[in-house]
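Take a look at the structure below.
The values are calculated or read from the model by the stated rules, or taken from the named source; none is laboratory data. Quantities reported herein were computed from a predicted structural model and do not represent experimental measurements. Note that each Cβ is placed from the backbone with ideal geometry, even for glycine, and that neighbours are counted across all protein chains shown.
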Amino acid sequence: MKIDESTKIGWVGTGVMGVSMLGHLNNAGYQCIVYNRTKEKAASLLEQGVVWANSPGEVATQADVIFTIVGFPKDVREVYLSEQGIINSAKDGSVLIDMTTTEPSLAVEIYEAAKVKNIQSIDAPVSGGDVGAKNAGLSIMVGGDKDAVEDIMPLFELMGKNIVYQGSAGSGQHTKMCNQITIAGTMIGVCEALLYGHKAGLDLTTMLSSISGGAAGCWTLNNLAPRIVNRNFDPGFYVEHFIKDMSIALKESEAMGLSLPGLALVKQLYLAVQAQGNGKMGTHALMLALEKMCNKS
């Protein structure tokens with residue numbers, strides 16, 4: 001597929017990240033069609049000229065390239081594989097790109113179902129949260145047929161800065177699992193460092209200015225630790241979605257005969273965050289569960 005000014009872009013899912021990602025495509029001049037379960041969450045895009053559709057299938061009938069970024073694997077399955085879903089509605093030669101973090105096996109299932117219909121399917125989960133989405137600085141992990149990925153690259157480049165082709169269908173999702181496993185371990189380290197620094201009587205902002213410039217430096221320390229210090233637990237990525245991702249990673253690990261005890265521990269701590277009623281907060285709300293364990297606030 002040749003991407004040019006006549007290419008029509010379809011989009012399903014305007015959550016914390018999706019609204020900014022589609023905004024970049026719309027601002028680049030592409031004609032964009034959107035569907036979201038809650039229309040109000042697409043209001044800002046509609047004001048900018050994005051066209052509303054009443055279902056994922058309706059998006060697919062109008063668009064040449066269809067992006068999705070929804071919540072859970074069950075949502076992905078419904079959007080793509082239901083009777084009125086995208087695959088049964090998409091035009092011959094369309095390209096489908098799922099940017100949801102979901103099961104690698106589901107990405108392969110969608111790829112195979114699309115192939116029968118002469119449709120290309122790409123799995124391209126992202127990392128970078130709300131900040132990366134707003135700044136068009138996402139890391140995009142891509143699986144699928146390489147020629148199809150190369151065709152879509154101009155669109156990826158409007159949303160991300162680190163776009164890496166990983167291999168065949170499902171490879172993007174497996175890479176995202178590696179990303180989430182790393183984040184899980186990093187997040188507990190950052191939270192525990194802040195707890196320790198507070199108990200030791202350190203000024204946390206001053207402490208962070210030191211350790212972020214050394215071997216401990218990382219995205220989580222630079223972007224989420226200051227939010228914790230400021231008691232801002234607004235979501236860049238929801239706790240409940242991170243629990244979903246860790247569950248997928250543990251399921252895949254078990255299937256491969258791997259034991260990942262660190263990941264299993266962090267997942268249990270995040271389940272505590274959710275049980276405390278904080279599933280809609282950002283992933284850095286892990287601090288709330290750890291504070292409760294230590295009787296600190």
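Restricting attention to region 140-195, and to residues there that are of a type in the set (Asp, Glu) and assigned by TED's automatic domain parsing to the domain that holds Val65, which single residue is nearest to Ala264 (Cα to Cα)? Don't jump to the end; show me each part of the working.
So in region 140-195, the residues of a type in the set (Asp, Glu) come out as 145, 147, 150-151, 157, 192.
Going one step further and asking which of them are assigned by TED's automatic domain parsing to the domain that holds Val65, we end up with 145, 147, 150-151, 157.
Values: Asp145: 33, Asp147: 37, Glu150: 37, Asp151: 39, Glu157: 35 Å.
Looking at residues that are of a type in the set (Asp, Glu) and assigned by TED's automatic domain parsing to the domain that holds Val65, I get Asp145.
I'd like to know if region 231-250 contains one or more residues that are acidic (Asp, Glu) and over 20 Å from the mean Cα position of the chain (by Cα). Give the derivation first.
Our first condition is that a residue be acidic (Asp, Glu); within region 231-250, this holds for 234, 240, 245.
If we keep only those that are over 20 Å from the mean Cα position of the chain (by Cα) as well, we get none.
No; the residues of region 231-250 include none that is acidic (Asp, Glu) and over 20 Å from the mean Cα position of the chain (by Cα).
When you scan region 159-209, how many residues do you find that are touching an Asp or Glu at 6+ places or on another chain (Cβ under 6 Å) and of a type in the set (S, T, N, Q)?
Result for region 159-209: 2.
Condition check: at pLDDT 95 or above and out of contact with any Gly (no Cβ under 8 Å at 6 or more places or on another chain). Does Met293 satisfy that?
Values: at pLDDT 95 or above: no; out of contact with any Gly (no Cβ under 8 Å at 6 or more places or on another chain): yes.
In short, no.
Of all residues in region 106-116, which are over 30 Å from Gly236 (Cβ atoms) and buried (at least 22 other Cβ atoms within 10 Å of the Cβ)? I'd like the intermediate steps shown before the answer.
Just the residues of region 106-116 that are over 30 Å from Gly236 (Cβ atoms), to begin with: 112-116.
Answer for region 106-116, where residues must be over 30 Å from Gly236 (Cβ atoms) and buried (at least 22 other Cβ atoms within 10 Å of the Cβ): just Ala114.
What are the residues in region 117-154 that are of a type in the set (Ser, Thr, Tyr) and surrounded by fewer than 24 Cβ atoms within 10 Å (Cβ to Cβ), if any? Full working, then the answer.
At the first step, the residues of region 117-154 found to be of a type in the set (Ser, Thr, Tyr) are 121, 127, 139.
Answer for region 117-154, where residues must be of a type in the set (Ser, Thr, Tyr) and surrounded by fewer than 24 Cβ atoms within 10 Å (Cβ to Cβ): Ser127, Ser139.
How about region 203-297: which helices (runs of 4 or more DSSP H) wholly inside it have at least 2 residues that are surrounded by fewer than 16 Cβ atoms within 10 Å (Cβ to Cβ), among the acidic types (Asp, Glu) and touching a residue at least 12 places away in the same chain (Cβ under 8 Å)? Steps first, answer last, please.
Numbers: elements: 204-211, 219-223, 225-229, 239-255, 261-275, 286-293.
Per the criteria, no element qualifies.
Considering region 100-115 alone, what residues qualify as being over 17 Å from Arg37 (Cα atoms) and assigned to a loop (DSSP other than H, G, I, E, B)? It would help to see each step written out before you state the result.
Our first condition is that a residue be over 17 Å from Arg37 (Cα atoms); within region 100-115, this holds for 101-115.
If the condition is that a residue be over 17 Å from Arg37 (Cα atoms) and assigned to a loop (DSSP other than H, G, I, E, B), then Thr101, Thr102, Glu103 are the ones that fit.
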